[in-house]
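Let me begin by presenting the structure, written as structure tokens, before commenting on it.
The values are calculated or read from the model by the stated rules, or taken from the named source; none is laboratory data. Just so it is clear, the structure is predicted and the values come from calculations on it, not from any experiment. Every residue, glycine as well, gets a Cβ built from its backbone with ideal geometry; the counts of neighbours run over all protein chains shown.
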């Protein structure tokens, strides 16, 4: 018997190591996300909802990071936080640091000095992964970042992700250490996600950019990683994949900047992405996403996201606004530095054995990546603000000569070498000194805000575009021994319109409540002396909705039976004016902005002029802030920097405008026995559009219905039309009436008249008919036959277009063939009669060397305040002719003068008057030269 002495061998079976499973379809899904964002940022038509690509990234990040940490827990029983953060730092921070450094250097070279100071702070916040909180503090509207946005605005989403990593990884580490069951972690994730979603619906400020209101999207991805889901049936996978992708793409195509976001609207892209991830790889959408091209773009997505936005912003900072096609090309060009960063920076560092062996090395690299761009930004930005002037708000004593009493814009300009007031640094903070009276978006009631010692008060009511006038209104109130009550709310339209507030990311219910509360306060309180209303004129392009909203707001105010003045909106530069001026201190005209962009048609002003809102007076300031009829509006006027941002006046500008605004209020009849504007049209509107149908109507054909003879009774040759070839706005603040001739030699032209026919001189008062216009810029034989005119007919003519000349005709201006100008009164009977018809009582030809081509102001005043009564003709404020009542028998004067009139603007071709001066049209007559009308105003006093 033998005994074996061989050693006993025992084999121990270790549980298999679980490895994170690579999902090629998710890499392709990143391509969908980044391409959507790129299309949105490049303003590609049809992709206004591309911002939801960020939501896709958030869900994917929540899924991948949770899955990675869950796998580590399964393998090791714990989460090694140092290794996790080292891996994140190696992959993300160096590429971000290079972009931040590039932006710091290029920004110092390409952007305005004032923007460079902002950029320094943006670099610091972005490097520290706090960009979202910086932009929240700046009240940045990401979805409307169209006016000089930060080149690092896109870092907000990277900051949200980094903050998620900072909080979520320790939570999972605790779960591993305390051996939480999967069910517990699922419940906690669901609870935190639900709380975050609730917060996104109810948090007033920063909902779009904040981590707490975005955490639920990461939680959605995390839940999928934590759910113990086995293989799904094929039909379910296909349904999830197709349905999820359809939801994401529908949001990209259907959402836009007006969509309340994030909130409920964010459910669609979030759940759509979650469905794609949950479906796995084995379905149609997953297989498509896993193909080579989507995966290649997906691998590049992080670096492409980093680089594309600074390229777009810095390009526009240097070259100005760019079309979307150029933006697409620039975005494609951004793929070059993005690929270089992926190939020679991100991938080598991520795969580095030296950095991966010891977590401390990766963390040190990350710290270097944070510190380096910050130091670089501080170095290249040092002295940026130096030379721009002090940062404290300007003292009124430092305003240009005359500005302290508001006459700077009316009197002599300051010396040519005077600095702007406020300087660009001051302008940013040059707010109205009204304390906390302009209430924030979350407020629904204005606090008691009364300024001045007067017992009676002026109420200033509206949004921040009303609040910008505070100093001017307060100065006017002091001059008239009144006080000011301010009822102003940010971003809240005064007309009854329900709008979305971008800061809240949802419908602006607080605005509706505030408006109702403010109107109720005025109704229930003591009557004010005057109500001044103003608001941004761009809340909606729906004219009917806007006018209905105004009717709802103005109706209770009109019931108070106090004067109401509608202060029309100021021009909108649409750019950061102080930043621009900081870069062009010696050539501030470079910061001027197009008149067509800055001035919009104002439907309420048109309706007030048409008499639709009795008791409401309208005052426009465009003619002061954007004088003349040139193509541009100034950013700086007489060395006063007019705007503190892209739309609001500086307080210094409001102070300067005090006297002018007081004058306009007096002319409107608000204070004392001043002038009241009965009708005004400044012809603002897009080029090629029609004049306001609320103010004007067309005369068509060759005569009025029922007139005694064709050719308008004057032998004219043209046919009047309503075509924009003959009557149109030029887009620069003027009306054009253009005579045209077809191939057969037939002439067409335009003739419009006011809808109102009740414009009358009050008993004991004065009626003023006035137009600023330029006769056609043509002369010599080329002008033969041209007969432009601005005139008025007695309103009773509208009853049947009969009764001429007894009903009265006031030719404010007419001229023929490039000659001088004429003023004439027609009355009585024809032929002969008290006005020697058909010639009338006229001034005869008045020489004017530049009237054909240059703007002049032509005026008739019907004065019933004198004895005898008078009709006076003026050019540029200088009287050149008059007719008095004692020149005409009383009955004829009464019939011609003591009633309302309507105004007419037209350019005739040929006829009795041109023929009388040997100026009939010929083959040499050139068609197409317009009479340009900058404004028409009818006002009364007494």
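Tell me the residue from 689, 666 that is at pLDDT 80 or above and in contact with a strand residue (DSSP E or B) (Cβ under 8 Å, 6 or more places away or on another chain), please.
689
Of (1) under 30 Å from residue 317 (Cβ atoms); (2) in contact (Cβ under 8 Å) with a residue 12 or more places away in the chain; (3) not in a helix (DSSP H, G or I), residue 627 satisfies all except one. Which?
(2)
Does residue 569 qualify as being in the same structural domain as residue 429 (by TED's automatic domain parsing), closer than 19 Å to residue 540 by Cβ, under 23 Å from the mean Cα position of the chain (by Cα) and buried (at least 21 other Cβ atoms within 10 Å of the Cβ)?
Yes; evaluated as a whole, the condition is true for this residue.
Please go through region 897-916 and pick out each residue that is buried (at least 20 other Cβ atoms within 10 Å of the Cβ), at pLDDT below 95 and out of contact with any helix residue (DSSP H, G or I) (no Cβ under 9 Å at 6 or more places or on another chain).
Scanning region 897-916 gives 913, 914.
Only one residue in 585, 556, 578, 603 is in contact with a helix residue (DSSP H, G or I) (Cβ under 7 Å, 6 or more places away or on another chain) and under 21 Å from residue 424 (Cα atoms), so which one is that?
The conditions single out 578.
Among the residues of region 447-475 satisfying the criterion of being closer than 21 Å to residue 657 by Cα and modelled with pLDDT under 90, which is surrounded by the most Cβ atoms within 10 Å (Cβ to Cβ)?
475
Can you find a residue in region 477-487 that is touching a strand residue (DSSP E or B) at 6+ places or on another chain (Cβ under 7 Å), at positive phi and surrounded by fewer than 21 Cβ atoms within 10 Å (Cβ to Cβ)?
No: zero hits.
Among what's in region 698-720 and is surrounded by fewer than 16 Cβ atoms within 10 Å (Cβ to Cβ) and in a strand (DSSP E or B), pick the residue that is modelled with the lowest pLDDT.
Within region 698-720, the match that is modelled with the lowest pLDDT is 701.
Does residue 48 count as crowded, with 19+ Cβ neighbours inside 10 Å, in the same structural domain as residue 286 (by TED's automatic domain parsing) and modelled with pLDDT of 95 or more?
Taking the combined requirement at face value, the residue does not satisfy it.
Confirm whether residue 357 is out of contact with any helix residue (DSSP H, G or I) (no Cβ under 9 Å at 6 or more places or on another chain) and modelled with pLDDT under 95.
yes
Condition check ((1) surrounded by 19 or more Cβ atoms within 10 Å (Cβ to Cβ); (2) within 16 Å of residue 361 (Cβ to Cβ); (3) at pLDDT 90 or above; (4) assigned by TED's automatic domain parsing to the domain that holds residue 159) across all residues:
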site: 80; (1), (2), (3), (4): no, yes, no, yes
site: 84; (1), (2), (3), (4): yes, yes, no, yes
site: 87; (1), (2), (3), (4): no, yes, no, yes
site: 90; (1), (2), (3), (4): yes, yes, no, yes
site: 103; (1), (2), (3), (4): yes, no, yes, yes
site: 108; (1), (2), (3), (4): yes, no, no, yes
site: 111; (1), (2), (3), (4): yes, no, no, yes
site: 114; (1), (2), (3), (4): yes, no, no, yes
site: 120; (1), (2), (3), (4): yes, no, no, yes
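Tell me yes or no: at least one residue of region 699-718 is under 29 Å from residue 622 (Cβ atoms) and in contact with a strand residue (DSSP E or B) (Cβ under 8 Å, 6 or more places away or on another chain).
Yes, because at least one residue in region 699-718 is under 29 Å from residue 622 (Cβ atoms) and in contact with a strand residue (DSSP E or B) (Cβ under 8 Å, 6 or more places away or on another chain).
If you go through region 459-471 one residue at a time, do you hit one that is in a helix (DSSP H, G or I), without any contact (Cβ under 8 Å) to a residue 24 or more places away in the chain and in the same structural domain as residue 655 (by TED's automatic domain parsing)?
no
Picking from 312, 304, 271, which residue would you name as being part of a helix (DSSP H, G or I) and more than 24 Å from residue 98 (Cα to Cα)?
271
Which pairs turn up if I take residues in region 346-364 that are more than 26 Å from residue 305 (Cβ to Cβ) and look for partners that are outside any helix (DSSP H, G or I) and at pLDDT below 85 with beta carbon separation below 9 Å, at least 6 apart in sequence or on another chain?
361/352
Hey, can you tell me all the residues within region 501-539 that are touching a helix residue (DSSP H, G or I) at 6+ places or on another chain (Cβ under 7 Å) and either surrounded by fewer than 15 Cβ atoms within 10 Å (Cβ to Cβ) or outside the structural domain of residue 617 (by TED's automatic domain parsing) (or both)?
Passing the criteria: only 523.
List the strands (runs of 3 or more DSSP E) inside region 732-793, counting only whole elements, that have at least 3 residues being over 23 Å from residue 712 (Cα atoms).
The qualifying strands (runs of 3 or more DSSP E) are 766-774.
Hey, among 661, 678, which residue is assigned to a strand (DSSP E or B) and on the phi < 0 side of the Ramachandran plot?
678
Check whether at least one residue in region 1-23 is modelled with pLDDT of 80 or more and not in a loop (DSSP other than H, G, I, E, B), and report yes or no.
No: zero hits.
For the subset of region 474-499 comprising residues that are assigned to a helix (DSSP H, G or I) and touching a residue at least 24 places away in the same chain (Cβ under 8 Å), which member is nearest to residue 458 (Cα to Cα)?
Applying the filter and picking the extreme gives 477.
Pick out the one residue from 246, 235, 250 that is out of contact with any helix residue (DSSP H, G or I) (no Cβ under 9 Å at 6 or more places or on another chain), surrounded by fewer than 16 Cβ atoms within 10 Å (Cβ to Cβ), assigned by TED's automatic domain parsing to the domain that holds residue 172 and part of a helix (DSSP H, G or I).
Selected residue: 235, the only one of 246, 235, 250 that is out of contact with any helix residue (DSSP H, G or I) (no Cβ under 9 Å at 6 or more places or on another chain), surrounded by fewer than 16 Cβ atoms within 10 Å (Cβ to Cβ), assigned by TED's automatic domain parsing to the domain that holds residue 172 and part of a helix (DSSP H, G or I).
For region 424-446, how many residues are surrounded by fewer than 24 Cβ atoms within 10 Å (Cβ to Cβ) and either part of a strand (DSSP E or B) or in contact (Cβ under 8 Å) with a residue 24 or more places away in the chain (or both)?
16
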